[in-house]
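The values are calculated or read from the model by the stated rules, or taken from the named source; none is laboratory data. Values in this document were obtained by computation on a predicted structure and should not be read as measured data. In this analysis, Cβ positions are derived from the backbone assuming ideal geometry, glycine residues included, and neighbour counts consider all displayed protein chains.
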Amino acid sequence: MLTVDQFNFKGEKALIRVDFNVPLDAEYTIKDDSRIKAAVPTIQKILNDGGACILMSHLGRPKEGPTEKYSLKHIVQRVQDLTGAKVHFAADCMGEAALKLSAELPAGEILLLENLRFYKEEEKGDQAFAEKLAQYGSFYVNDAFGTAHRAHASTAVVAQFFKGKKCFGYVMANELANADKVIKSPERPFTAIVGGAKVSDKLLIIENLMSIANNIIIGGGMAYTFAKAQGGQIGKSLCEDDRMPLTLELIEKAKAKGVNLYLPVDSKIADNFSNDANTAFANNDQIASDFMGLDIGPKAIATFCDVIKQSKTVLWNGPMGVFEMSQFEQGTKAVAEAVVAMTQSGGFSLIGGGDSAAAIHQFGFADEVSYVSTGGGALLEYFEGKELPGVKAILD
Ligand code: AMP
């Protein structure tokens with residue numbers, strides 16, 4: 001893989017797309033700086049070589065141009081503390097002032113540009129905007145996996161201006177290496193666990209995994225569309241009626257491909273969507289009309305955990321139930337424990353970003369699995385078999 005390790009940055013000005021989209025509280029204090037910490041090794045490698053770094057990122061989703069709440073000036077001090085280097089700030093990512101700061105930036109120092117998304121051109125992938133960004137650096141590094149699935153100006157378009165002088169940073173390289181380990185050379189049996197609210201969001205990934213995985217476990221709200229399509233009574237559970245035929249096709253496809261598709265046989269059901277609801281257990285085809293399934297039940301937990309513990313590779317994307325409520329976290333927690341157990345027995349486990357990463361952190365298991373991805377959407381698209389624009393632009 002083409003990483004910063006293959007280059008010497010002495011005398012270079014590295015324009016680095018980082019993901020500094022960190023959560024801030026009402027006083028603009030950083031609540032979690034792990035994304036900044038993650039970028040430090042790439043920055044330090046370049047500075048240690050004798051280069052300078054121009055960092056660019058987005059923060060939040062500003063709608064109307066510059067907004068105090070989304071200013072990257074709030075994180076300048078933390079970048080300085082974590083890198084130990086002097087950090088300059090360009091209060092506008094466009095214009096003469098930023099150009100002058102980058103031109104005068106000495107080796108060993110950092111320039112942080114203001115939020116790229118203060119310009120709508122960033123998300124539009126605007127060519128002229130990307131060309132202006134390109135003027136700040138002599139070398140382009142993409143280290144923002146979380147936005148690699150977007151063809152934005154700073155993630156994909158800008159790369160064309162750096163022929164032969166572009167590569168991945170360590171965060172990006174690490175994410176891709178872990179994903180490739182699962183997609184390209186999984187030790188078998190390989191089990192994919194797919195959960196979450198809607199089947200429509202996960203159809204493509206399930207379909208693509210059919211060609212790679214030995215076992216596919218389905219949990220969460222999406223399981224009820226499968227259950228209803230098979231003639232089950234699912235009460236008030238989540239269901240996408242228009243997707244029912246597709247779930248039947250997936251069941252048939254799994255059979256044809258020899259993939260074991262595990263659907264939950266039972267659920268913890270509730271009389272409303274609340275942690276205080278009255279609850280019971282029921283088989284997934286016999287949920288009473290005034291109840292809804294909010295977690296997998298004990299029989300499903302036993303089967304799923306058994307399959308997981310016998311696996312050598314596990315990919316997990318999406319919770320088994322409404323894990324944010326303590327009454328309905330049990331299924332997700334049990335699956336997390338089984339993933340930890342298979343990892344301890346020498347297996348490889350990759351937790352896909354978003355809600356599965358949140359669940360793993362909530363249960364305190366983040367250090368007991370092989371890898372927790374930082375990129376929800378990007379990882380999902382990678383497993384759907386799509387080419388990520390941010391990756392392709394480096395390889396072109
Ligand atoms: P996703 O973003 O598609 O991965 O879905 C994650 C969300 O699905 C979480 O917020 C869960 O609370 C929710 N979820 C999981 N299982 C269910 C369920 N049985 N009913 C309703 N929501 C669910």
Qualifying positions in region 185-207 - more than 12 Å from the ligand (Cβ to nearest atom), out of contact with any Lys or Arg (no Cβ under 8 Å at 6 or more places or on another chain) and modelled with pLDDT of 95 or more: T191, A192, I206
Answer residue from region 346-396, given it is hydroxyl-bearing (S, T, Y) and over 21 Å from M320 (Cβ atoms) and is modelled with the highest pLDDT among those: Y382
Of all residues making up region 278-324, the number that are of a type outside the set (V, I, T), away from the ligand (no atom under 12 Å from the Cβ) and farther than 21 Å from A358 by Cβ: 18
Residue in region 303-322 that is small (G, A, S) and surrounded by fewer than 15 Cβ atoms within 10 Å (Cβ to Cβ) present: no
Only one of A39, A85 that is touching a helix residue (DSSP H, G or I) at 6+ places or on another chain (Cβ under 7 Å), assigned to a loop (DSSP other than H, G, I, E, B) and over 19 Å from L133 (Cα atoms): A85
Some residue of region 220-234 being within 12 Å of the ligand (Cβ to nearest atom), touching a strand residue (DSSP E or B) at 6+ places or on another chain (Cβ under 6 Å) and modelled with pLDDT under 95: no
Sole exception among (1) of a type outside the set (D, E, K, R); (2) within 24 Å of A277 (Cα to Cα); (3) more than 20 Å from the chain's Cα centre (by Cα) for G347, by number: (2)
Counted residues, region 175-191 - those being out of contact with any Ser or Thr (no Cβ under 9 Å at 6 or more places or on another chain) and touching a residue at least 12 places away in the same chain (Cβ under 8 Å): 3
Any chance V182 is away from the ligand (no atom under 16 Å from the Cβ) and buried (at least 18 other Cβ atoms within 10 Å of the Cβ): yes
Every residue from region 337-358 that is within 14 Å of the ligand (Cβ to nearest atom) and closer than 14 Å to L315 by Cα: I351, G352, G353, G354, D355, S356, A357
Test: residue in region 194-209 that is more than 15 Å from D242 (Cβ to Cβ), more than 20 Å from the chain's Cα centre (by Cα), assigned by TED's automatic domain parsing to the domain that holds V339 and touching a residue at least 40 places away in the same chain (Cβ under 8 Å): no
